[in-house]
Structure formats: C-alpha cells, structure tokens
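For reference, the structure is listed below as structure tokens.
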C-alpha cells in the first residue's frame, strides 16, 4: 500500500500547527520528522519537544527519523514524546540491535536507516527485528537534493529479501528527491512509503499528494 509521508522539514515553522493539520486534511498518511544533531549530519533541526508539540495536533502517525550520533541516548525522549515509529541509522551507533530493541520493548515501531554508501548486507542481521527500512536516496542532512537513481538497486534488494525470508515483515521507505517523476521508479522497485518534503510543499498540498499516490500506484 502506498503511503505518503511529507517531511515537516519543508513546513513553515512559524505556522507549524497550520501546516500539520493541512497535511492531514490533504491526504497525507504519515508525518516524517527529521531530527538532526549537526554532528552525524551537517545540519541541525529540532528535538523531542517538537514531536510532543505535534502529537496532539494530528491523528497521523509520526515517522521519526533520528539523524544523530549514538541515537540510543535519545530514544526514550522520543518514545515519551509520542512517536509512532522511530528510525535510527545503522552508521550512527555501535549498538544497533540494542537501540532497536529499546524501541520495540516500548511497544513503538522500530526502523533502521541506511545511507547511500551503506549496503543492504550491513543490516541483514536486524531485518527480522524491524518494522521499516529507510533507504536514503540522497545524502542525509538537507532537503531539496537530487535523487540518486543507484539507490533503486537497494530498494529492489530489500523487496526481494522480504519476499524470500518468512521471518521478516518490514515496509520499505525512501527519502530524498522524491517527486512525481522519481516516485514511480521507487514504487516499481518495491518501496511502500515515500518521504516527500520539497515537492509536497511546492504547490497545493492535496493535489501534490494525490499526484504522488497516483504515480506510485500506477507503477506497481
């Protein structure tokens, strides 16, 4: 099933409540919230207080992407804030399984993220544990970057792995450069969830989300 997860990194932070509620009314399936520490990625965004502020504003699932070093230090904060799914980077911690287990033990969905330079083989050992795998289709840290087509191979590899391993049941998410042109290839490769920030906010929200869903569904 196609799910569109607009990134609030592209929202107007002076009018965040308006934008969050407008996204829900426009047909978004999830809200993607990028947390950046200025160390793991060369940018900073916001912390758990923004997640807790958004939580009462919407019924949408909060898809929280921790782009931070040693994410296990912050997981509890984001659980308490009301995250529905917390994703941590495989490259950001020496204790990947532990971090994912902390999330799962709190009855929150857990996801693992891989950067463009990280192969799928690096995360095979945790695939039975996770609810979602996020394939970065740009280098993480900034919105508005150009989609990297070579990442489609990893999406397809994950889709095949999921089909051939009965102990796995994860969705595949893509993030970076997703628009009405690139989403079709992502869907065809096997992606289920699509993060689209710059594209979604560049026009009428409902029209943009509908266009994305149509392009993805027609490509399957």
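Kindly evaluate residue 88 against the criterion of being in contact with a helix residue (DSSP H, G or I) (Cβ under 8 Å, 6 or more places away or on another chain), under 21 Å from residue 192 (Cβ atoms), crowded, with 21+ Cβ neighbours inside 10 Å and modelled with pLDDT of 95 or more. For residue 88, the condition - in contact with a helix residue (DSSP H, G or I) (Cβ under 8 Å, 6 or more places away or on another chain), under 21 Å from residue 192 (Cβ atoms), crowded, with 21+ Cβ neighbours inside 10 Å and modelled with pLDDT of 95 or more - is met.
The residue list 207, 164 contains one member that is closer than 18 Å to residue 124 by Cβ and either surrounded by fewer than 19 Cβ atoms within 10 Å (Cβ to Cβ) or free of Cβ contacts under 8 Å to residues at least 40 places away in the same chain (or both), which is 164. Selection of region 49-58 for residues being surrounded by fewer than 19 Cβ atoms within 10 Å (Cβ to Cβ) and touching a helix residue (DSSP H, G or I) at 6+ places or on another chain (Cβ under 7 Å) yields 52, 55, 57, 58. Taken over region 68-92, residues that are touching a residue at least 12 places away in the same chain (Cβ under 8 Å) and outside any loop (DSSP other than H, G, I, E, B) amount to 17. Is it the case, given these coordinates, that residue 29 is free of Cβ contacts under 8 Å to residues at least 12 places away in the same chain, within 22 Å of residue 193 (Cβ to Cβ) and surrounded by fewer than 23 Cβ atoms within 10 Å (Cβ to Cβ)? Considered against the rule, which asks whether it is free of Cβ contacts under 8 Å to residues at least 12 places away in the same chain, within 22 Å of residue 193 (Cβ to Cβ) and surrounded by fewer than 23 Cβ atoms within 10 Å (Cβ to Cβ), residue 29 comes out as no. The set of residues in region 1-15 being surrounded by 16 or more Cβ atoms within 10 Å (Cβ to Cβ), more than 22 Å from residue 187 (Cβ to Cβ) and over 13 Å from the mean Cα position of the chain (by Cα) consists of 11 alone.
Within region 147-160, at least one residue is surrounded by 15 or more Cβ atoms within 10 Å (Cβ to Cβ), under 24 Å from residue 38 (Cβ atoms) and at pLDDT 95 or above.
Where helices (runs of 4 or more DSSP H) sit wholly within region 103-205, those with at least 3 residues that are over 28 Å from residue 22 (Cα atoms) and in contact with a strand residue (DSSP E or B) (Cβ under 6 Å, 6 or more places away or on another chain) occupy 152-164. Summed over region 5-42, the residues that are farther than 24 Å from residue 116 by Cβ and assigned to a helix (DSSP H, G or I) give a count of 13.
The values are calculated or read from the model by the stated rules, or taken from the named source; none is laboratory data. Just so it is clear, the structure is predicted and the values come from calculations on it, not from any experiment. As a convention, Cβ positions derive from the backbone with ideal geometry for all residues, glycine included, and neighbour counts pool all protein chains shown.
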